[in-house]
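Below is one structure; the comments refer to it alone.
The values are calculated or read from the model by the stated rules, or taken from the named source; none is laboratory data. This one's a predicted model, so the numbers in the text were calculated from it and none came from an experiment. No Cβ is skipped: glycine too gets one built from the backbone with ideal geometry, and neighbour counts run over all protein chains shown. Side chains included, ligands, DNA and RNA excluded: accessible areas come from the protein's heavy atoms. Shrake-Rupley method; radii C 1.70, N 1.55, O 1.52, S 1.80 Å.
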Amino acid sequence: MMDTSDKQKVVLITGASSGIGFATAKLFAQRGWIVYAGARRVERMEELEDYGVNVLALDVTNKESSRIFVNTAKTEQQRIDVLINNAGYGEFGALEEVSSEKARAQFDVNLFGLSQLTHFALPIMRRQHAGRIINTSSIASDVYTPFGGWYYSSKAALNQWSDVLDSESRRFGIRSVIVQPGPTQSQWSEIAFKNGFDNLSENSPYGDTAKKFMKVFSLLSKESNATAEDLAKVFYRASTDKHPKYRYYNQFRDHALVSITRHFPRTYRNVIDKIFD
């Protein structure tokens, strides 16, 4: 159970230099929380300082950087109520052509980095007997297409990791939950597209698949009316619900698509094969 005292709450947010992380840091600050926002590109978080956000350099793949990020908040505030693990990116490309180094880097950021950061936050949450870990996954942890295997795998692993952490830590008053965004209007897609094309080899046999993927993904992104500000509200709800859910979605169609994929896997696969064959 979260601490219900009148003391000002403290939230740590990673990946806060743009998109969902930036909007979430801004929203929490506007609602009276003490916010620590971390990202590698500190200069892109300067606007957040106008809202009273504590801006810190953070590389989630660097153990010492993560330690400093968490310890700064712990030392200055003597408490951490919520950790939002939002840092992440998409390493797209055919499984055959994405190098093992890039595949490992995908897991280093999307899973192992946030695991290390959480490791530093858990002791103080246990002492408080209250805390919440919010992990940014994706509907892509369930919903898959060709060309995104390493990204999808990292998010599926994150879901399982979060559930296990929740089962281990809830007796200490700590909950670990997942937010699964669908297509959202942000710069994330641009980076994912660039990675996908960069990973294509010369005269790649997967060139046609890549073009179809980009077309489908672009269409979904353009049709989506979900904004980073919309997702920030979802993160706030996940952080403050008295009885948190295991999964949070922004839109009904996101939840519906995940449910269809889980309960009708063969039907979903047939649709994907027709699109990409």
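Work out which helices of the chain, taken as complete DSSP H runs, extend at least 20 Å along their axis over the Cα atoms and score a mean Kyte-Doolittle of -0.5 or more, then list them. Walk me through the numbers on the way to the answer.
Details: long enough: 63-77 (21 Å, -1.07); 114-128 (21 Å, 0.01); 149-169 (30 Å, -0.70); 207-223 (24 Å, -0.25).
Span-like helices in the chain: 114-128, 207-223.
Would you work out the charge dipole size for the stretch 49-100 about its Cα centre, treating the Cβ of every Lys and Arg as +1 and the Cβ of every Asp and Glu as -1, and quote it to the nearest 20 debye? The partial results should precede the final answer.
Working: 4 positive and 9 negative charges, 79 e Å.
The dipole of the stretch 49-100 has a size of about 380 debye.
Quick one: which of 105-116, 262-273 comes out on top by average Cβ neighbours within 10 Å, and what's the full order, highest first?
Details: 105-116: 19.8, 262-273: 11.7.
Ranked by mean Cβ neighbours within 10 Å, highest first: 105-116, 262-273.
Across the stretch 8-56, the volume of the C-alpha convex hull divided among the residues equals 54 Å³ per residue. When the Cα atoms of the stretch 47-140 are aligned to their principal axes, the ranges along those axes come out at 48, 32, 28 Å in descending order. Multiplying the residue separation of Glu202 and Ser218 by 0.36 nm and subtracting their alpha-carbon distance yields 3.4 nm. State whether the stretch 43-90 is rounded, prolate or oblate according to the following rule on the C-alpha gyration tensor (a ≥ b ≥ c being the square roots of its eigenvalues): a/c under 1.5 gives rounded; otherwise a/b larger than b/c gives prolate, and the remaining case gives oblate. Verdict is oblate for the stretch 43-90. Along each principal axis, taking the top coordinate minus the bottom one, the Cα set of the stretch 214-277 gives 45, 27, 14 Å in descending order.
Rounded, prolate or oblate: which one fits the stretch 120-277, using the alpha carbon gyration tensor with axes a ≥ b ≥ c (rounded when a/c is under 1.5, else prolate when a/b beats b/c, else oblate)? Verdict is prolate for the stretch 120-277.
Which shape class, rounded, prolate or oblate, goes with the stretch 128-205 when its Cα gyration tensor gives a ≥ b ≥ c as root eigenvalues, a/c under 1.5 marks rounded, and past that a/b bigger than b/c marks prolate? Prolate, because a/c is 1.5 or more and a/b exceeds b/c. In whole angstrom, note down how far apart the Cα centers of the stretch 33-75 and the stretch 103-170 are. Going from one Cα centre to the other spans 19 Å.
Over 19 Å between Cα atoms, which of Lys9/Lys155; Lys74/Lys245; Lys102/Lys194; Lys9/Lys74; Lys194/Lys274 qualify? Before the final figure, lay out each step's value.
Values: Lys9/Lys155 28 Å; Lys74/Lys245 26 Å; Lys102/Lys194 14 Å; Lys9/Lys74 12 Å; Lys194/Lys274 25 Å.
Checking Cα-Cα distances, Lys9/Lys155; Lys74/Lys245; Lys194/Lys274 exceed 19 Å.
Binning the C-alpha pair distances of the chain at 5 Å intervals from 0 yields a P(r) profile of 1, 6, 13, 17, 19, 17, 12, 8, 5, 2, 1, 0, 0 %, listed from the shortest bin outward.
Packing around the peptides 246-259, 14-27, taken as the average count of other Cβ atoms within 10 Å per residue, puts them in this order, highest first: 14-27, 246-259.
The Rg/Rh ratio of the stretch 1-99, with both radii computed over alpha carbons and Rh defined as the Kirkwood radius, is 1.05. Solvent exposure of the stretch 212-277, expressed per residue, is 65 Å² of accessible area, with all protein chains present and a 1.4 angstrom probe.
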